[in-house]
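Q: My structure is below; once you've seen it, I'll send some questions.
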Amino acid sequence: MSNPEETRPETRKVLTSTAEIRDAILEITANAQRSVAIFTQDLEPFAYDDDQFIEIIKRLILARSFARVRVLLADPYRAIRDGNRLVGLGRRLSSYVEFRNVHKDFREQHGEAYLVADDKGVVYRADARRMHGIADSSNRGVARKYLEEFDHIWHASYAEPEFRRLHL
């Protein structure tokens, strides 16, 4: 009888560059069926203002009326000022995409960046300022750990009114 761990395909990748992190975010997000949770310092443009990423998010929320995208930002003002397209999409589809400003009590404790898709895929960087991390497309235990942390911070954080404003 074979060991299930031996036959399980390797789903974890070590990420060492901006391109690898971006590609992992695209891959993990494309596999989402219900939800995407993003914890970011400033909605990094290389990943979250990317044409492919925006299209993947649009497809997810337009194909499934129950799909949700939640974004926690430690510093939302750069994304707002620079016109990040995910912010624009969230303004147009606010029933599906919600942004919150990380509560000040959590900002200094949490310098990481991560994305969790459904409750199984995760892209994680321990230090958001560095382009080193891991991605795992099928690890419910790890994904749930980060989703629980995300939910805890989400409930303590507040909606940023600027994210709802449409600038005409």
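The values are calculated or read from the model by the stated rules, or taken from the named source; none is laboratory data. Because the structure is predicted, anything quoted here is derived from the model rather than measured. All Cβ positions, even for glycine, are placed from backbone atoms using ideal geometry, and neighbour counts span all protein chains on display.
Q: Listed residues ALA47, ALA24; which is surrounded by 16 or more Cβ atoms within 10 Å (Cβ to Cβ), in contact with a strand residue (DSSP E or B) (Cβ under 7 Å, 6 or more places away or on another chain), at pLDDT 95 or above and under 20 Å from LEU147 (Cβ atoms)? So that I can check it myself, show each step before the final result.
A: Working: ALA47 fails: in contact with a strand residue (DSSP E or B) (Cβ under 7 Å, 6 or more places away or on another chain).
From the options ALA47, ALA24, the qualifying one is ALA24.
Q: Name the residues in region 96-109 that are closer than 19 Å to TYR48 by Cα and of a type outside the set (Phe, Trp, Tyr), would you? Can you show your working first?
A: As a first pass, look at region 96-109 and keep what is closer than 19 Å to TYR48 by Cα: 96-102.
If the condition is that a residue be closer than 19 Å to TYR48 by Cα and of a type outside the set (Phe, Trp, Tyr), then VAL97, GLU98, ARG100, ASN101, VAL102 are the ones that fit.
Q: Checking the condition more than 24 Å from SER65 (Cα to Cα) and surrounded by 15 or more Cβ atoms within 10 Å (Cβ to Cβ), which residue from PHE106, PHE150 passes? Give the steps one after another, and end with the answer.
A: Working: PHE150 fails: more than 24 Å from SER65 (Cα to Cα).
Only one candidate passes the filter, namely PHE106.
Q: Tell me, which helices (runs of 4 or more DSSP H) lie completely within region 76-145 with 1 or more residues that are under 12 Å from the mean Cα position of the chain (by Cα)? Don't jump to the end; show me each part of the working.
A: Working: elements: 77-81, 85-92, 104-107.
Helices (runs of 4 or more DSSP H) meeting the threshold: 85-92.
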